[in-house]
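Asker: First, the structure itself, so that you have it in front of you.
Laboratory data are not the source of any read-out in this text; all were calculated from the coordinates shown. Just so it is clear, the structure is predicted and the values come from calculations on it, not from any experiment. With ideal geometry, Cβ positions are generated from the backbone for all residues, glycine too; neighbour counts draw on all protein chains shown.
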Amino acid sequence: MSIIKTILWTLFGIAVLIFSWANWKTRVTVLIWENIVVDTNVPALVIVSFLAGLVPTWLILRGTRWQLRRRINSLETAVRSSVASKPENPAPAPDSPAPPQI
């Protein structure tokens, strides 16, 4: 699975490089607020927009996985401690005295 992920990220990087090389001279004016105007290249705008969507989603994913991993570890520890505290072959406790032998 790791090799597939590496191949996909490499192909994505190559596609971004080709896109950036082909569109670098194209300028775009972005109006952020009324008095803030930014003139930028199209590739920079695309990359910043992509990262603005990817980073928060990735952080939420990592946080959720971390929280679930902690919960699973605590449950596994509780199961291990409950299994370790129980004796394997418990001796039956006598409820009444043994009957006299004749």
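Asker: So what is the 222 nm mean residue ellipticity for the chain from helices alone, if each DSSP H run of at least 4 adds -39500 (n - 2.57) and you divide by all residues, rounding to the nearest 500 deg cm²/dmol?
Answerer: Estimated from H runs of four or more residues: -23500 deg cm²/dmol.
Asker: So, counting K/R as plus one and D/E as minus one, what does the shell of residues with Cβ under 15 Å around Glu76 add up to?
Answerer: Overall, the nearby charge balance is +4.
Asker: Just to be sure I understand the curve: with the Debye formula and one point per C-alpha of the chain, what is log10 I(q)/I(0) at q = 0.24 Å⁻¹?
Answerer: With one equal scatterer per Cα and no solvent, log10 I(q)/I(0) is -1.24.
Asker: If the only charges are +1 at each Lys and Arg Cβ and -1 at each Asp and Glu Cβ, what is the size of the charge dipole of the chain around the Cα centre, to the nearest 20 debye?
Answerer: For the chain, the charge dipole is close to 220 debye.
Asker: When ranked by the protection proxy of mean other Cβ atoms within 10 Å per residue, highest first, what sequence do the peptides 21-30, 37-46 form?
Answerer: Packing order, densest peptide first, comes out as 37-46, 21-30.
Asker: Calculate how steeply helix 42-85 sits against the longest principal axis of the alpha-carbon atoms of the chain, using the helix alpha-carbon long axis, and give the answer as 0 to 90 degrees to the nearest 10.
Answerer: Tilt of helix 42-85: around 10 degrees.
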